1. Taking L483 as meeting all but one of (1) open to solvent by less than 20 Å² (accessible area, probe 1.4 Å); (2) modelled with pLDDT of 95 or more; (3) more than 16 Å from L341 (Cβ to Cβ); (4) among the aliphatic types (A, V, I, L, M), write down the number of the exception.
2. May I ask you to say which residue of R354, R430, R382 is within 22 Å of S66 (Cβ to Cβ), open to solvent by 10 Å² or more (accessible area, probe 1.4 Å), in contact (Cβ under 8 Å) with a residue 12 or more places away in the chain and out of contact with any helix residue (DSSP H, G or I) (no Cβ under 8 Å at 6 or more places or on another chain)?
3. Tell me which of these V190 doesn't satisfy, since it passes every other one: (1) open to solvent by 30 Å² or more (accessible area, probe 1.4 Å); (2) part of a strand (DSSP E or B); (3) touching a residue at least 60 places away in the same chain (Cβ under 8 Å).
4. Which one is farthest from A423 (Cα to Cα), of the residues in the stretch 344-364 that are assigned to a loop (DSSP other than H, G, I, E, B) and touching a Phe, Trp or Tyr at 6+ places or on another chain (Cβ under 6 Å)?
5. Exactly one of (1) open to solvent by 30 Å² or more (accessible area, probe 1.4 Å); (2) touching a residue at least 60 places away in the same chain (Cβ under 8 Å) is unmet by G113. Its number?
6. Can you find, within the stretch 357-379, the residue that is least open to solvent (accessible area, probe 1.4 Å) among those that are among the aromatic types (F, W, Y) and free of Cβ contacts under 8 Å to residues at least 60 places away in the same chain?
7. Please verify whether H504 is touching a residue at least 40 places away in the same chain (Cβ under 8 Å), open to solvent by 10 Å² or more (accessible area, probe 1.4 Å) and in contact with a strand residue (DSSP E or B) (Cβ under 9 Å, 6 or more places away or on another chain), treating the condition exactly as stated.
8. Test T328 against the stated conditions and say whether it is hydroxyl-bearing (S, T, Y), in contact with a Phe, Trp or Tyr (Cβ under 9 Å, 6 or more places away or on another chain) and surrounded by 18 or more Cβ atoms within 10 Å (Cβ to Cβ).
Amino acid sequence: MRSLCLSLACVASISLFVHAQEDSYTPFYWSQSQDDLSSYATTGKMEQKGRTGVSAMHAVLVNENSIVIIDKAEWNEAKYDSGQSAYSVQYFIDTNEYRVLPLDTNSFCSAGGFLANGTLVNTGGGEMTGRTWKVAEGYKSIRLFNPCLDDSCQWNEYALPNTRMASNRWYPTVEQLPEGNLFILGGSLVPAAVNRDEINVPTYEFWPPQKEGPIDFPFLLETMPYNLYAFIFTLPDGNLFIFANKQSIIYDYHKQEIVRRLPDIPGPPRSYPLTGGAVMLPLDPENDYKVEILVCGGSEKMDKNSVADNTCGRINLDDEAPEWEMETFIHKRLMPDGVFLADGTVLWVNGCQRGWAGYNNRNHDPTFDPLIYDPEKPAGERWTEGLANTDIARMYHSVAITIPDGRVWIAGSNNNNPPNVTAEYPTEFRVEYFSPPYLFKSKTRPLLSHVPRVFTYADKITILVNLGDLTAQEGEPEIKVGLLRQGFSTHSMHMSQRYVVLRHSVSKDFQSITIEAPPNANIFPPGSGYLFVLCDGVPSKGTEVFVEHDVNDLMI
């Protein structure tokens, strides 16, 4: 990491023009007066920049500067040297360019997560494709990607039985576990508009594989037919929250038993193809890591004219008798993406107002307006509207990821099979960046230095910080430290996404912060996260750190 000037006087003397030269790709540094940009402090900013090369059906941040994008095997702008269309690329945030990544099997509607050692695992997929793409079926595939800082990293796939899943899984869910492995749930044997009894896969398995193989999971029989891409969150007690259709449970995967059944959420089903979105709200040691789940949006039925849902349900799992508390979603929205911003609020983007998830004229009336949800505010005051919007339809097969500089990278949308760039809602390759209002509230932002690459659980780590002009305000600044895992984004899912507030203490001179790592792996399963320090709501750039049981667990 480059050295940072720690003198407040030095930082104050550095011109915004110099910063713009050094970090021209970030939205924070501006050569002109911030007074000219004051409106952005209320609305944020949306700008279109870059093209993905492949339709962004799936996307995952793999380091501070790059995103791996995965489509299915189909026509795309990006091509291999042979002229055949690529369907995976590594996208570089600083240059908005990409390089193609060859794959052997069809990754159609797959899932993913990271092992504790840093390896990205992409699981499952779809059918063999024919003459043009000549790609093998990917129903049982395990694809491995070890992130790197140069152009050397590639996907690795293997054909031996013990290097693949035991079951076909199209539309599975993956959740990173406290042990550092992956929980892989459900799916169907083959592609379908909606799950059916004869193709349902009501089991789960682990990666790396365990001796018992797939384990029966009757909950996926009870929630038919809307049980694909179930929502899963690892809880602070080590159990799993699992939601499908309108039902949810708390599940102990060690004992293979349901710990608790929760009430059904009011309103329509929220799972594919009546797709809503879900987040586990930030975990905070100040409230003993209270767990609240938020589920928003969906659609009333499988009809191209069905009305999208305009409600959210929020449930506190620590209550003696948890109940869903319903609130507005402001807009009718099907297929929304809910992503944590650097401050722990939730940005909702993408989606549409009519139809259901699927190809070819099944979803309509895109929702262009982002919303920000603040879970700490009282009901009725949680939503921020009037944000900078878009004119690009982001519907079926769209993605969104919060990137380290605090912006949100938005891409994808393809409800056409085969792809069609001239359709009413075209196959989309354009990238957008949403810069939240917090990036325009100050002329400076916190600068971090001496952040170790690996934390171990319950460690105390002292880092250097420069708050610049932020300390010139009246009164003592409010400091917050957050650890964000963006997760694997696909189909309104953000698998393994979580935000954990970290205990900390600030030195009297505001030059250093001592941070307490998460106390155990139930709070933050091992692997990568992005460390943010916020001063009066203005975030630093996120620094990638790895939280591990042992520093030697990291292998990349």
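1. Unmet for L483, out of (1) open to solvent by less than 20 Å² (accessible area, probe 1.4 Å); (2) modelled with pLDDT of 95 or more; (3) more than 16 Å from L341 (Cβ to Cβ); (4) among the aliphatic types (A, V, I, L, M): (3).
2. Values: R354 fails: within 22 Å of S66 (Cβ to Cβ); R382 fails: within 22 Å of S66 (Cβ to Cβ).
One residue alone meets the criteria, R430.
3. Just one mismatch for V190, condition (2).
4. So the first thing to find is which residues in the stretch 344-364 are assigned to a loop (DSSP other than H, G, I, E, B), and the list is 344-345, 350-351, 356-362.
Those left that are additionally touching a Phe, Trp or Tyr at 6+ places or on another chain (Cβ under 6 Å): 344, 357, 362.
On the way: G344: 37, A357: 17, R362: 13 Å.
Residue satisfying both the conditions and the ranking: G344.
5. If we test G113 against (1) open to solvent by 30 Å² or more (accessible area, probe 1.4 Å); (2) touching a residue at least 60 places away in the same chain (Cβ under 8 Å), just (1) comes out false.
6. Of the residues in the stretch 357-379, the ones among the aromatic types (F, W, Y) are 359, 368, 373.
When the remaining residues are screened for being free of Cβ contacts under 8 Å to residues at least 60 places away in the same chain, the result is 359, 368.
Values: Y359: 27, F368: 73 Å².
So, considering only residues that are among the aromatic types (F, W, Y) and free of Cβ contacts under 8 Å to residues at least 60 places away in the same chain, the one least open to solvent (accessible area, probe 1.4 Å) is Y359.
7. Values: touching a residue at least 40 places away in the same chain (Cβ under 8 Å): no; open to solvent by 10 Å² or more (accessible area, probe 1.4 Å): yes; in contact with a strand residue (DSSP E or B) (Cβ under 9 Å, 6 or more places away or on another chain): yes.
No.
8. Details: hydroxyl-bearing (S, T, Y): yes; in contact with a Phe, Trp or Tyr (Cβ under 9 Å, 6 or more places away or on another chain): yes; surrounded by 18 or more Cβ atoms within 10 Å (Cβ to Cβ): no.
No, not satisfied.
The values are calculated or read from the model by the stated rules, or taken from the named source; none is laboratory data. Source: prediction; values computed, not measured. Neighbour counts run over all protein chains shown; Cβ positions are idealised from the backbone, glycine included. Accessible surface is based on the protein model in full, side chains and every heavy atom, while ligands, DNA and RNA are left aside. Shrake-Rupley method; radii C 1.70, N 1.55, O 1.52, S 1.80 Å.
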